[in-house]
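The block underneath contains the structure these notes are about, expressed in structure tokens.
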Amino acid sequence: MSSLNIVVIGGGAAGFFGAITAAETFPTASVTILEKNRTVLNKVRISGGGRCNVTHACFDNRQLVKNYPRGEKPLRSLLSQFDATATVNWFKQRGIDLKTEADGRMFPATNTSDTIVDCLLTTAHRLGIQVRTSCGVAELRQDASSRWLVDLFTNETLVADRVLIATGGYPQLSSYGWLPEQSESIHSPVPSLFTFNVPDSYLIPLAGVSVPDARVYVQDTKRTDVRQEQRGPVLVTHWGFSGPAILRLSAWAARELADVNYHFTLRINWTPDLNDNTLRTKLQDFRQQNGRKQVVSQNPFSLPSRLWQAFATEAGIPEQQRWADLPAKQFNRLAERITNSQFQVSGKTTFKDEFVTCGGISLDSLNLQTLESKTQAGLFFAGEVLDIDGITGGFNFQNAWTTGYVAGLNIGN
């Protein structure tokens, strides 16, 4: 169909990947990207501290999908069409090598997101894709012949045979109001990937101190069918806690934490391989061997010294207190601070600029082979606007590449 007009709404990773795939698959089609902001690919530019965490070096799709709190099962089906291996190869074919870091994150070898941005822009230009910025969409509707009418805020109306919606996540349900009258159900959006505010924490003076391995738990929530426990690095911040373990916890428990308005009890075991009993045994052994030494200065674990000192102080242990003379009350308090620290969380803070939305267009409303609406022919969805979200580490970009590719591959049929 030589006159096929494809309009992509959203100039981010999913939008560009969908547009490029569509233009390559259907070379006679006219493809236009609409972006409401003055610049495109903004999240790609700032991701990973300006390096762009393109994907994750997990090439077993059964394992890869376990990093998505929402969308695991449908995404596994979609990854059969375009997965992390395909992502690496796609960029390599365009002259871009990706490097893998120790934690599995993959970045361009150049170490700058400009490499990825330039690749997408250059490829789009070469394919004749029109990129229009400052083009916000006021309404999307259909005419009598079932063609799509895209009403812009500039009072211009574009006519399209196919539309791909790749606008990213929205912070509230009302933001989806410009979409056509539809039967696609929308899961109400709430934030994911955020840090915890603990204004009364006695550890705030230790901002910047990190522990490479801790176990974190959420209390005071009603649901028990989500992962309320995570293990990994924890960072003490000026406002409370961050780090990979906290961010993963915020993602897996996104809805239940929203339900309690981000007021809950956070528990931390700073020695995750030890429970209360085994830790007490280890402390007693250390006490017998180091009885004449001061508690505050003798740390039997590989915890940062400042953190250990804070635990001792919070347990009411004087600076000159020797292990041999440590009263049972203070001993018990110290043990509890290590394996069962409890903090009252009262709010959240966005993690850098990597805000991710839990919620969006229900995948049950779409054909999972094509990402086309089941009820509205010619309407496709890709990226974070879908009810798919991953933890940090390149997983959300992989969702963008995968869903953008699948939508673009099928949008001209």
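The values are calculated or read from the model by the stated rules, or taken from the named source; none is laboratory data. Note that this is a predicted model, so its numbers are computed, not measured. Quick reminder, even Gly has a Cβ in these numbers, built from the backbone with ideal geometry, and neighbours come from all protein chains shown.
Looking only at the range 45-60, decide whether some residue is over 18 Å from the mean Cα position of the chain (by Cα) and of a type outside the set (Gly, Ala, Ser). Checked against the condition, which is being over 18 Å from the mean Cα position of the chain (by Cα) and of a type outside the set (Gly, Ala, Ser), the range 45-60 yields at least one hit. Residue pairs whose Cβ atoms lie under 8 Å apart, separated by 6 or more positions or on different chains, with the first residue in the range 187-209 and over 30 Å from Leu366 (Cα atoms) and the second of a type in the set (Asp, Glu), are Tyr202/Glu314. If you filter the range 375-385 down to residues that are at negative phi and touching a helix residue (DSSP H, G or I) at 6+ places or on another chain (Cβ under 6 Å), you find that the one that is surrounded by the most Cβ atoms within 10 Å (Cβ to Cβ) is Ala382. Screening the range 90-111 for residues that are touching an Asp or Glu at 6+ places or on another chain (Cβ under 8 Å) and part of a strand (DSSP E or B) and picking the one that is farthest from Thr392 (Cα to Cα) gives Pro108.
The number of residues in the range 176-206 that are outside any strand (DSSP E or B) and surrounded by 14 or more Cβ atoms within 10 Å (Cβ to Cβ) comes to 13. Scanning the range 234-291 for residues being of a type in the set (Asp, Glu) and buried (at least 18 other Cβ atoms within 10 Å of the Cβ) gives a total of 1. In the range 111-122, the residues that are free of Cβ contacts under 8 Å to residues at least 40 places away in the same chain form Cβ pairs under 8 Å with partners that are crowded, with 16+ Cβ neighbours inside 10 Å, at six or more places apart or across chains, as follows: Cys119/Phe91; Cys119/Ile96.
You will find that of Arg215, Arg248, the residue that is under 26 Å from Gly12 (Cβ atoms) and among the charged types (D, E, K, R) is Arg248 and no other.
Among the residues that make up the range 152-167, is at least one of them within 22 Å of the chain's Cα centre (by Cα), assigned by TED's automatic domain parsing to the domain that holds Arg70, of a type outside the set (A, V, I, L, M, F, W, C) and part of a loop (DSSP other than H, G, I, E, B)? Within the range 152-167 (the criterion being within 22 Å of the chain's Cα centre (by Cα), assigned by TED's automatic domain parsing to the domain that holds Arg70, of a type outside the set (A, V, I, L, M, F, W, C) and part of a loop (DSSP other than H, G, I, E, B)), the answer is yes, since at least one residue qualifies. Can you find a residue in the range 315-322 that is part of a helix (DSSP H, G or I) and out of contact with any strand residue (DSSP E or B) (no Cβ under 6 Å at 6 or more places or on another chain)? Looking through the range 315-322, none of the residues is part of a helix (DSSP H, G or I) and out of contact with any strand residue (DSSP E or B) (no Cβ under 6 Å at 6 or more places or on another chain).
Set side by side, the residues Gln298, Gln344 differ, and just one is more than 23 Å from the chain's Cα centre (by Cα) and assigned to a strand (DSSP E or B), which is Gln344. Picking from Phe343, Phe397, which residue would you name as being crowded, with 16+ Cβ neighbours inside 10 Å, of a type in the set (Phe, Trp, Tyr) and in the same structural domain as Thr85 (by TED's automatic domain parsing)? Going through Phe343, Phe397 in turn, the sole match is Phe397.
Results for (1) basic (Lys, Arg); (2) at pLDDT 95 or above; (3) assigned to a loop (DSSP other than H, G, I, E, B); (4) under 16 Å from the mean Cα position of the chain (by Cα), shown as yes or no for each residue.
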position	(1), (2), (3), (4)
Thr357	no, no, no, yes
Thr375	no, no, yes, no
Phe380	no, yes, no, no
Thr392	no, no, yes, yes
Phe397	no, yes, no, yes
Ala400	no, yes, no, yes
Gly404	no, yes, no, no
Ala407	no, yes, no, no
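Just one of the listed residues (Phe107, Phe17) is touching a residue at least 12 places away in the same chain (Cβ under 8 Å), surrounded by 20 or more Cβ atoms within 10 Å (Cβ to Cβ) and either polar (S, T, N, Q) or under 29 Å from Gly136 (Cα atoms) (or both), and it is Phe17.
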